Structures are given as structure tokens and as C-alpha cells.
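Here's the structure, in C-alpha cells; my notes come after.
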Amino acid sequence: MAVRHRRVRCAAVDLAGLQDVIERTYGARDRARGVPSTVAWLAEELGELAQAVRKGTPDQQRHEFADVLAWVASLANQMGVDLDDAIQRYAEGCPRCHAIPCACP
Ligand SMILES: [Zn+2]
């Protein structure tokens, strides 16, 4: 059981893998609902994450992090955004001051 879990985890370990598995799993259904509906689900999941951070168990928090990431991936897929590409904004540290750690006032 634990080994099976680890395998699934490895398949989605990077952002491209996450976008791929979410596309194959929910792509058609999420696309049919559309972007506004996906944004609404993402907002709802963010609310659940906020609640889990305040009063959830570590298991519940991990669950909500996963749901938020999944909806971000679904939204990016529908909008043709490559998350690996998008996150390059932070590859060199802070996008404003370009320092690690951030040196902005
Ligand atoms: Zn900065």
C-alpha cells in the first residue's frame, strides 16, 4: 500500500507532472465547467486550506494543500499556462530585488 502511494506521488512530483496528471484525470470535466467555475472551486479550496491551517490536523492540512495545488493546475491547464515556466519568476529569488533571501524593505 505504502509503495503504491509513493509511486503515485512520484508521477506528480514536479509541476509539469502535476499538470499532466490533473489534465488526464479531470481535464475534460473541468474544461466543460469552464474557467470561472474552476476559479470558484479554487477559492473554495483556499478557504478550506485556511480553515485547516487554523484548526486542522496535519493530515487535513496536507489534504487541503493537495486540493489547492490540483485546482491551480487545472486552472493553468485550461488557460494554457505552463506552471514550470510561470514559477521561473521566482527562480532567481525575489522577483523585485533579485536577492535570496528577499532584501525588499
Ligand atoms: Zn525582494
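Whether any residue in the stretch 85-97 is of a type in the set (K, R), more than 16 Å from the ligand (Cβ to nearest atom) and assigned to a helix (DSSP H, G or I) is what I want to check.
Among the residues of the stretch 85-97, not one is of a type in the set (K, R), more than 16 Å from the ligand (Cβ to nearest atom) and assigned to a helix (DSSP H, G or I), which makes the answer no.
Quick one: which of C97, C104, C10 is surrounded by 12 or more Cβ atoms within 10 Å (Cβ to Cβ) and either of a type in the set (A, V, I, L, M, F, W, C) or at pLDDT below 95 (or both)?
One residue alone meets the criteria, C97.
Every residue in the stretch 14-47 that is part of a loop (DSSP other than H, G, I, E, B) and modelled with pLDDT under 95, please.
D14
Yes or no, residue by residue, for (1) within 21 Å of A16 (Cα to Cα); (2) touching an Asp or Glu at 6+ places or on another chain (Cβ under 6 Å):
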| site | (1), (2) |
| --- | --- |
| R29 | yes, no |
| L42 | yes, no |
| L46 | no, no |
| L49 | no, yes |
| G56 | no, no |
| A73 | yes, no |
| D84 | yes, no |
| Q88 | yes, no |
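Would you check if there is a residue in the stretch 27-37 being of a type in the set (V, I, T) and either free of Cβ contacts under 8 Å to residues at least 12 places away in the same chain or surrounded by 17 or more Cβ atoms within 10 Å (Cβ to Cβ) (or both)?
The answer is no; no qualifying residue exists.
All but one of (1) farther than 23 Å from G17 by Cα; (2) part of a helix (DSSP H, G or I) hold for P101; state the number of the condition that does not hold.
(2)
Return the pair list, or none, for Cβ contacts closer than 6 Å from residues in the stretch 69-80 that are farther than 9 Å from T38 by Cα to residues that are among the hydrophobic types (A, V, I, L, M, F, W, C) and crowded, with 20+ Cβ neighbours inside 10 Å, at least 6 apart or on different chains.
Cβ pairs passing all conditions: A70/I22; A73/L18; A73/I22.
Restricting to the stretch 48-84, and then to whatever is in a helix (DSSP H, G or I) and among the charged types (D, E, K, R), can you tell me which residue is farthest from the ligand (Cβ to nearest atom)?
Looking at residues that are in a helix (DSSP H, G or I) and among the charged types (D, E, K, R), I get D59.
The values are calculated or read from the model by the stated rules, or taken from the named source; none is laboratory data. Source: prediction; values computed, not measured. For neighbour counting, all protein chains shown are included, and Cβ atoms are generated from backbone atoms with ideal geometry for every residue, glycine included.
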